[in-house]
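**Student:** Below is one structure. I have some questions about it.
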Amino acid sequence: VDFTDLPGSTTYLFYLDEAKTQPAGSNIATYPVDFSVFPQKYESSYNFTAGTAAGSHGKYVSSYNADGSGSTSYDNSWNDGSTYSGTSTSTADGTYKWSNHSSFGSVSFNDSGTFKSDGSGMAHTDSSDGHATDFVFNADGSGWGKFSGPEPGLPAIIRWDATGVGTITYADGTSEPLPFFMFGGVAYAGVSESAVTTTDRGTLNSSKTKSR
């Protein structure tokens, strides 16, 4: 590896051999020299041309303003065919928005959302295999969500109050309580983790579908 560190930039050059006669790619980062000057722009890119990572490449670009607002974009491709790209923005009043697209093998995924400084917001995910999730969050902690997909019992609707206590209603109109529903982590009352993350593309695993 060759390493060069200059004001405003850092460069890594990779090689396959110790003698550095066979180039294998690079990783280059640029950043402000004076961090008191705005707007500030940061860029990082990588490109592997040889070795086990040959063909993988990507770039990140971020910009920040003095009022706290900013934006980020990213575009990555790996030599196994996987991709990940997207954008995000933040405003001076604390509103954050994002949109991502990824693909793994024959399946592609999208996710997007908006959150405000008061805790309210929304989030959406969908995948090319027919699964989708939607969540709406209120500032008081209450909200609702929808799980869609080809499994029995879907689409299903979840509603919860400010304390996290909620109910899930299935496609056939039946419902059951969710004593401690939480978004983005541990799941309770028969709803698996996949119901509140994109791990299983929004698939709902509960008493109305096949449990693990």
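**Student:** For the range 121-170, which chymotrypsin sites (Phe, Trp or Tyr not before Pro) pass both filters: DSSP loop (anything but H, G, I, E, B) and at most 13 other C-beta atoms within 10 Å?
**Tutor:** none
**Student:** Then there's this: Each residue of the range 40-49 in order: what ³J(HN,Hα) in whole Hz does its phi give by Karplus 6.51 cos²θ - 1.76 cosθ + 1.60, θ = phi - 60°, with x for Gly and Pro?
**Tutor:** 10, 10, 10, 9, 9, 9, 9, 8, 9, 10
**Student:** What is the sum of charges around residue 66, taking Lys and Arg as +1, Asp and Glu as -1, for the other residues whose C-beta is under 14 Å from the C-beta of residue 66?
**Tutor:** Charge balance in the 14 Å sphere: -1.
**Student:** So who's got an amide H within less than 5 Å of the one on residue 50, skipping anything under 5 residues away but keeping other chains? H placed 1.01 Å off N, in plane.
**Tutor:** Those lying under 5 Å, H to H, from residue 50 are 55.
**Student:** Could I ask something else about it? Residue by residue, what Karplus-based ³J(HN,Hα) values in Hz, rounded to whole numbers, does the range 102-109 have, using 6.51, -1.76 and 1.60 with θ = phi - 60° and x for Gly and Pro?
**Tutor:** 9, 9, 9, x, 8, 10, 10, 9
Rule-based calculations on the coordinates, nothing more; no lab input. Here the structure is a predicted model, which means the values were calculated and not measured. Counting neighbours? That spans all protein chains shown, and the Cβs are built from the backbone with ideal geometry, glycine included.
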